[in-house]
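Below is one structure, written out as structure tokens; comments come after it.
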Amino acid sequence: MTRKLESLFGFDEVEQQTQPSAPITVEETQSAMVEIDRTIDKIDAALPTVYGLDSSDTDLDDLASKAQETFDDLMNLGMNVDSRYASEIFAVAGTMLGHALTAKTAKLNKKLKMVDLQLKKLKIDQDRGEDPTVETAHGVVLNNLSRNDLLERLIGNRDQKN
């Protein structure tokens, strides 16, 4: 690949970033984990609990009955006016009914999407099997150990488990 294409697509920057750097220290790892926890908390706060899912049915029922009453009134009015004005009244009645149903459907879809996001988050949390109150791993820093010392330590742990 030519240098122009690499610079155009940003590959030269990626290669520079992926080159090995100095080892990551324990303090850097801990600060990164704290930052990740803060980000996760922000995401959790951004997904509020959805209330009133059962009220959407009554809202839609109320809207449907109100729209039906208004539609009937406009139909009666359209039948009692001159024919050249009746078509406009009928068109307005149909448009009003369509806008009302679209607004309520959008509100309901928003609530359903929020619930879907919350269910996906719960599934991911369950798949990971993480409980924030349970410690999941222990780490030990091994400084200046040779390969043989490390192998002896691993074999010793394996023998203790059997």
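Among (1) surrounded by 10 or more Cβ atoms within 10 Å (Cβ to Cβ); (2) of a type in the set (Ser, Thr, Tyr); (3) modelled with pLDDT under 80, where does THR133 come up short?
The number of the failed condition is (1).
Could you tell me which of the residues ALA91, ALA106 is assigned to a helix (DSSP H, G or I) and at pLDDT 75 or above? Spell out how you get there, then give the answer.
Details: ALA106 fails: at pLDDT 75 or above.
The match here is ALA91.
Of all residues being of a type in the set (S, T, N, Q) and more than 31 Å from the chain's Cα centre (by Cα) in region 1-42, which is modelled with the highest pLDDT? Just the residue, please.
Quick first cut of region 1-42, residues of a type in the set (S, T, N, Q) only: 2, 7, 16-19, 21, 25, 29-31, 39.
In the following step, the residues that additionally are more than 31 Å from the chain's Cα centre (by Cα) were identified as 2, 7, 16, 19, 21, 25.
Working: THR2: 69, SER7: 74, GLN16: 52, GLN19: 52, SER21: 58, THR25: 80.
Only one residue fits best here, namely THR25.
The values are calculated or read from the model by the stated rules, or taken from the named source; none is laboratory data. Here the structure is a predicted model, which is why all the values come from computation and not from measurement. Cβ: placed from backbone, ideal geometry, glycine included. Neighbour counts: every protein chain shown.
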